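The values are calculated or read from the model by the stated rules, or taken from the named source; none is laboratory data. Just so it is clear, the model here is predicted, and its values are computed rather than measured. Neighbour counts are summed over all protein chains in view; Cβ atoms, including those assigned to glycine, are modelled from backbone coordinates with ideal geometry. Heads up: the accessible areas ignore ligands, DNA and RNA and are worked out on the full protein's heavy atoms, side chains in. Shrake-Rupley method; radii C 1.70, N 1.55, O 1.52, S 1.80 Å.
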Amino acid sequence: PAQAEEQEQEVERELRQAKSELAEEEEQYQRLRAEEQLFRIAEETATLLEAHRAEMVAVREIEQERAGAEKPTRAQKLRLAGIARKEAALGTRAEELARSIEAEGTRVAAGLLANVASDLARIASDLADEGDYQTGPRLQGLQRDVEQSLALLLETLRSEQARRQNEQKEQEKQDGQKPPQEKQPLVPDSTELKLLRRMENDVSQAVHALRELHPELDAEGDYP
């Protein structure tokens, strides 16, 4: 009986150890998965930003070529149609990325990307025949808004990557095992809050600049 009891205790110890190792492996898997997702989305955002900036340059070139002409030439129309297709494709990709991020529980970043997708669709429409091939300050301003939003999101994602790397290094320095943690969103609430504040600040600055450019807006109604 004593030997059987000792064997039973040994089995229980092995089960507890196996359970602990399994929990640790699960935690490590979730952490690696989150890091991989974060890296992928950051790279996707960087690709969107780079591609959009290339189209911004192309629009500025055509605007300079037009030199105030009301209608673009046939060659310019063909170029603008091509830019419109590329911007529309970027908008579609931004919308897909927004859904992917929202599925990870990151709603502020998803909302930002959804706005980017909407703006890119509007840009594509305005650049094409249905928008009368616009290339002026208004359209370029909308392109800059998209650029700023993507740059802000990329900065946020890169910062979160750096924070996680630093956190992991600190954990590796500590002795002992930490208990398994619950699944965290792709971007923590604190980081999303900072992103939201930056977005609100950008909107406030844009409104202020618009009011300075068009003071007649103040006479049309009350604005904060």
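Restricting attention to the stretch 141-162, which residues are of a type outside the set (A, V, I, L, M, F, W, C), open to solvent by 30 Å² or more (accessible area, probe 1.4 Å) and either over 23 Å from Val108 (Cα atoms) or without any contact (Cβ under 8 Å) to a residue 12 or more places away in the chain (or both)?
Glu155
Determine, yes or no, whether Glu21 is more than 25 Å from Ala103 (Cα to Cα), at pLDDT 90 or above and surrounded by fewer than 16 Cβ atoms within 10 Å (Cβ to Cβ).
When the stated conditions are applied, Glu21 does not pass them.
Go over the candidates Gly82, Gly136, Gly91 one by one and state the one that is at pLDDT 95 or above, loosely packed, with under 15 Cβ neighbours inside 10 Å and over 12 Å from the mean Cα position of the chain (by Cα).
Exactly one residue qualifies, and that residue is Gly82.
Which one of the conditions (1) farther than 30 Å from Gln168 by Cβ; (2) more than 33 Å from the chain's Cα centre (by Cα); (3) open to solvent by 80 Å² or more (accessible area, probe 1.4 Å) does Arg60 fail to meet, given that it meets all the rest?
(2)
Looking only at the stretch 96-105, which residues are in contact (Cβ under 8 Å) with a residue 24 or more places away in the chain and open to solvent by 10 Å² or more (accessible area, probe 1.4 Å)?
Residues satisfying the conditions are Ser100, Glu104, Gly105.
Would the stretch 200-218 turn up any residue that is assigned to a helix (DSSP H, G or I) and modelled with pLDDT of 65 or more?
There is at least one residue in the stretch 200-218 that is assigned to a helix (DSSP H, G or I) and modelled with pLDDT of 65 or more.
If I ask for residues that are open to solvent by less than 60 Å² (accessible area, probe 1.4 Å) and within 13 Å of the chain's Cα centre (by Cα), which ones from the stretch 106-133 would you list?
Scanning the stretch 106-133 gives Thr106, Val108, Ala109, Ala110, Gly111, Leu112, Leu113, Ala114, Val116, Ala117.
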